[in-house]
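Engineer: This is the structure I have questions about; it appears just below.
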Number of protein chains: 2
Amino acid sequence: MLALDAKTHSGGTADRIVEVAQRLLQTRGYNGFSYADIALELGLTKASLHHHFCTKAHLGDSVVRRHLEYAQTVLRGIDAEGLDAFESLRRYAQVYEDVLLGDRMCLCGILAAEFDTVPALIQESISEFFRFNAQWLAQTIARGRAAGSVRGSGSDEELAQLLLSTLEGALLICWPGRDRARLSGTVRLLLESLRA
Amino acid sequence: MLALDAKTHSGGTADRIVEVAQRLLQTRGYNGFSYADIALELGLTKASLHHHFCTKAHLGDSVVRRHLEYAQTVLRGIDAEGLDAFESLRRYAQVYEDVLLGDRMCLCGILAAEFDTVPALIQESISEFFRFNAQWLAQTIARGRAAGSVRGSGSDEELAQLLLSTLEGALLICWPGRDRARLSGTVRLLLESLRA
DNA sequence: GTCTATAGGCAGATAGAC
DNA sequence: GTCTATCTGCCTATAGAC
């Protein structure tokens with residue numbers, strides 16, 4: 001754990017830069033923030049940032065890759081809890097509510113909207129994020145159907161796409177007004193429709 | 001009709017500017033395009049654009065307001081066809097598929113993602129767009145339930161939010177890869193779940 | 001209505017001192 | 001690793017001729 005921490009936080013400044021960049025990405029999008037914003041917030045200069053991340057594209061890529069790994073850890077963590085599949089789906093949906101609670105939009109959701117203007121380097125990681133989420137959902141749905149706790153028509157993959165779409169879309173629509181109640185209501189109804 | 005056209009197209013150049021701006025907004029977002037892009041495409045100069053739209057915020061506002069009116073016309077047009085409510089919902093969903101077919105993302109979806117960085121002038125129209133869509137969906141759902149062609153739990157308004165969220169989210173996820181087949185599959189499954 | 005020219009600012013990025 | 005200073009380029013926007 002200490003060794004892992006030492007590795008993860010090898011350069012304290014680089015990590016702080018990534019964290020601020022991630023928050024700005026999730027609230028303002030890739031084209032909505034600059035090195036100046038990060039420098040101001042961390043009390044550094046733009047030149048210092050370039051020492052850690054040579055280009056904005058590389059910084060963005062670091063943020064998205066780190067987030068992808070984090071998401072994978074979270075989903076494997078849900079699996080490790082040994083919950084019923086339906087409860088796993090509930091946990092998954094709760095993550096979207098937590099994102100809005102933290103005053104953020106989904107990182108890859110906002111980047112998907114801006115996709116055409118995002119550096120090619122980052123585009124692949126965005127697609128991979130959705131692919132991984134859909135795959136985990138399909139597996140969890142399959143498990144729930146086998147156990148009789150999850151229902152719904154269509155293949156596991158199709159139902160996973162439906163679930164993912166609804167959560168991403170609900171977060172997107174509730175994001176402008178930070179409408180946690182509306183998001184919560186939509187999540188509740190969605191889960192209800194999946195409960196066997 | 002001629003009079004309406006004459007009014008709508010009062011200044012031919014202004015309309016062409018709005019149309020190009022709309023396409024750029026729907027593909028690149030508000031922070032992803034500039035007056036230079038439009039000027040280049042129309043063979044004008046940036047200064048000429050400022051003659052028609054004094055600021056970028058006003059141009060964006062014109063695009064969104066016009067689109068809101070267009071959406072209202074489309075939905076009232078669906079109502080005027082006298083279809084069964086479920087068929088109206090199918091038409092509605094088809095609009096999202098048509099948007100991707102036209103190589104575009106939902107205008108207000110992309111602007112919702114960028115919400116915090118969009119001029120305040122435009123923010124209100126974005127919220128109004130979703131409000132209007134949700135209202136139309138709730139009314140159509142109510143009509144379908146009364147006629148026995150639409151099913152689903154939750155209030156009309158909650159189900160409308162669920163439908164809107166799923167369509168917006170499906171378009172968002174399919175946008176990066178222009179994945180029309182995936183969008184089509186999600187739409188089909190969604191409609192299936194609503195058919196009484 | 002369209003142009004040339006330009007202002008004024010901020011973007012991403014680099015050089016080189018410390 | 002951080003700084004100052006600077007470069008180049010694009011951005012939105014304006015002035016004023018035609």
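The values are calculated or read from the model by the stated rules, or taken from the named source; none is laboratory data. Worth saying up front: this structure is predicted, and the values here are computed from it rather than measured. We place every Cβ from the backbone using ideal geometry, glycine too, and count neighbours over all the protein chains shown.
Engineer: Of the residues B:Arg23, B:Arg16, which is more than 9 Å from DNA strand D (Cβ to nearest atom) and within 14 Å of another protein chain (Cβ to nearest Cβ)?
Structural biologist: It is B:Arg23.
Engineer: Also, I was wondering about something else. Identify, from the list A:Gly82, A:Gly32, A:Gly43, the residue that is within 14 Å of chain B (Cβ to nearest Cβ) and at pLDDT 95 or above.
Structural biologist: A:Gly32
Engineer: Looking only at the range A:114-123, which residues are more than 10 Å from A:Tyr30 (Cα to Cα) and within 10 Å of chain B (Cβ to nearest Cβ)?
Structural biologist: A:Asp116, A:Gln123
Engineer: Any idea which of A:Leu75, A:Leu101 is more than 14 Å from chain B (Cβ to nearest Cβ), in contact (Cβ under 8 Å) with a residue 24 or more places away in the chain and surrounded by fewer than 15 Cβ atoms within 10 Å (Cβ to Cβ)?
Structural biologist: A:Leu101
Engineer: Taking the stated definitions as given, is B:Ala160 under 24 Å from A:Gly152 (Cα atoms) and either more than 9 Å from every other protein chain (Cβ to nearest Cβ) or in a loop (DSSP other than H, G, I, E, B) (or both)?
Structural biologist: Here the answer is yes, as B:Ala160 does meet what is asked.
Engineer: I've got another one for you. For B:Gly148, which of the numbered conditions (1) in contact with a helix residue (DSSP H, G or I) (Cβ under 8 Å, 6 or more places away or on another chain); (2) in contact (Cβ under 8 Å) with a residue 12 or more places away in the chain; (3) at positive phi fails to hold?
Structural biologist: So the condition that B:Gly148 fails would be (1).
Engineer: If you take the residues in the range B:46-72 that are of a type in the set (Ser, Thr, Tyr) and within 16 Å of DNA strand D (Cβ to nearest atom), which one is nearest to the other protein chains (Cβ to nearest Cβ)?
Structural biologist: B:Thr55
Engineer: Do you know which of the residues in the range B:26-45 that are under 24 Å from B:Ala120 (Cβ atoms) and among the hydroxyl-bearing types (Ser, Thr, Tyr) is farthest from DNA strand D (Cβ to nearest atom)?
Structural biologist: B:Thr27
Engineer: Taking the range B:14-46 as the region of interest, how many residues are near DNA strand C (Cβ under 8 Å from one of its atoms), in a helix (DSSP H, G or I) and more than 23 Å from the chain's Cα centre (by Cα)?
Structural biologist: Residues flagged as near DNA strand C (Cβ under 8 Å from one of its atoms), in a helix (DSSP H, G or I) and more than 23 Å from the chain's Cα centre (by Cα) within the range B:14-46 amount to 2.
Engineer: To continue, here is another question. Taking the criterion of being of a type in the set (A, V, I, L, M), surrounded by 19 or more Cβ atoms within 10 Å (Cβ to Cβ) and closer than 21 Å to A:Ala138 by Cβ, would at least one residue in the range B:159-167 satisfy it?
Structural biologist: Looking through the range B:159-167, at least one residue is of a type in the set (A, V, I, L, M), surrounded by 19 or more Cβ atoms within 10 Å (Cβ to Cβ) and closer than 21 Å to A:Ala138 by Cβ.
Engineer: Condition check: of a type in the set (Ser, Thr, Tyr) and more than 7 Å from chain A (Cβ to nearest Cβ). Does B:Ser149 satisfy that?
Structural biologist: Yes, satisfied.
Engineer: Cβ-Cβ below 7 Å, separation at least six or inter-chain, first residue in the range B:47-66 and outside any helix (DSSP H, G or I), second more than 8 Å from DNA strand D (Cβ to nearest atom): which pairs?
Structural biologist: Filtered contacts from the range B:47-66: B:Phe53/B:Ile17; B:Phe53/B:Ser62.
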